[in-house]
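Visitor: Pasting a structure below so you can have a look.
The values are calculated or read from the model by the stated rules, or taken from the named source; none is laboratory data. Note that the coordinates shown come from a computational prediction; the quantities given were computed from them, not determined experimentally. All Cβ positions, even for glycine, are placed from backbone atoms using ideal geometry, and neighbour counts span all protein chains on display.
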């Protein structure tokens, strides 16, 4: 996999998000928290392991769930991040799952994924399937400081995976914050979401903008990172597809989403990583924002909260009947222990503005 970088005016725009996508329909929609959602009755869980971020591939017969997991024996859920491996399960209905164990583990010392393997996605290719995933290297056992990169693995059957050779995708310091900037304890370059559009493969990446002004709040630099490819192997890193200052330290687990004729981007951000005016609401979770289908630009400043953070890192997926639902991990609440389980599908319906919303605040049955 080869990597190039470029700057292109294609992603620059002088138009405001309101001009591009229509003026937002009231502050209450943007800032207000959705109704609390009922818990799924039969989540996917592994008794001795925490399970969290997930992504799904559909081979036409089975849904293949890939998920991060780590031993509950660690005791502290915060330690799961530096002990994560990627597991695999299958289902015919997105509800009853058969676990197939671990399919991808960290690499050897010195590799880009030496500490942990994190969130990714799976897309079809000529010879089978390609998984793009995050590799993490923590720089010390007692510090959060880590460097994130994106690599790939290949499979013919979605069960057995072989890591693709280096190089990997890393944050381009012309546009993206790196650890050397000293503004954040991690080099954020994770959670790749790959899709085909306008004759190119596009990758959306959880990243942070390079701080260009001393007055800029380092907590408010979350942006949509972007790279393109014609063959899923050679990638060109480009400028971000959103502007910093939208109120988020990071935009986790991004997904481009078409819904009821509209174009959106789905992402997650918890309340502890909100910035600016959004801090006054103290409501984090799963968010949705408008996305321009022609330029790819994401108006993150107009993001609305789709689900509170009792559900996190949610993916939108269609069942066999074509119904669109969310599946994410059950995060617990401020009074609960970390959930570490994956939800049943949660139905999405259009709100009066045509945006995705949760049906009556309840889990789809």
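Visitor: Please go through the range 313-326 and pick out each residue that is on the phi > 0 side of the Ramachandran plot, touching a strand residue (DSSP E or B) at 6+ places or on another chain (Cβ under 9 Å) and not in a strand (DSSP E or B).
Guide: The answer is none; no residue qualifies.
Visitor: What are the residues in the range 283-312 that are in a strand (DSSP E or B) and either within 14 Å of residue 259 (Cα to Cα) or touching a helix residue (DSSP H, G or I) at 6+ places or on another chain (Cβ under 7 Å) (or both), if any?
Guide: Hits for the range 283-312 are 288, 289, 290, 291, 304, 306.
Visitor: Return only the number of the condition from (1) touching a strand residue (DSSP E or B) at 6+ places or on another chain (Cβ under 6 Å); (2) at pLDDT 95 or above; (3) more than 20 Å from residue 204 (Cβ to Cβ) that residue 339 does not satisfy.
Guide: So residue 339 meets the others, but not (2).
Visitor: Tell me, yes or no, whether the range 343-357 has at least one residue that is assigned to a loop (DSSP other than H, G, I, E, B), free of Cβ contacts under 8 Å to residues at least 12 places away in the same chain and under 30 Å from residue 199 (Cβ atoms).
Guide: no
Visitor: Something else about it: Identify the residue in the range 231-244 that is more than 19 Å from residue 131 (Cβ to Cβ) and free of Cβ contacts under 8 Å to residues at least 60 places away in the same chain and, among all such residues, is surrounded by the most Cβ atoms within 10 Å (Cβ to Cβ).
Guide: Looking at the filtered set, the residue picked out is 242.
Visitor: Need the failing condition index for residue 73 against (1) closer than 30 Å to residue 156 by Cα; (2) loosely packed, with under 14 Cβ neighbours inside 10 Å; (3) at pLDDT 95 or above, just the number.
Guide: (1)
Visitor: Checking the condition surrounded by fewer than 23 Cβ atoms within 10 Å (Cβ to Cβ), under 23 Å from residue 233 (Cα atoms) and in contact with a strand residue (DSSP E or B) (Cβ under 9 Å, 6 or more places away or on another chain), which residue from 157, 191 passes?
Guide: Only one candidate passes the filter, namely 157.
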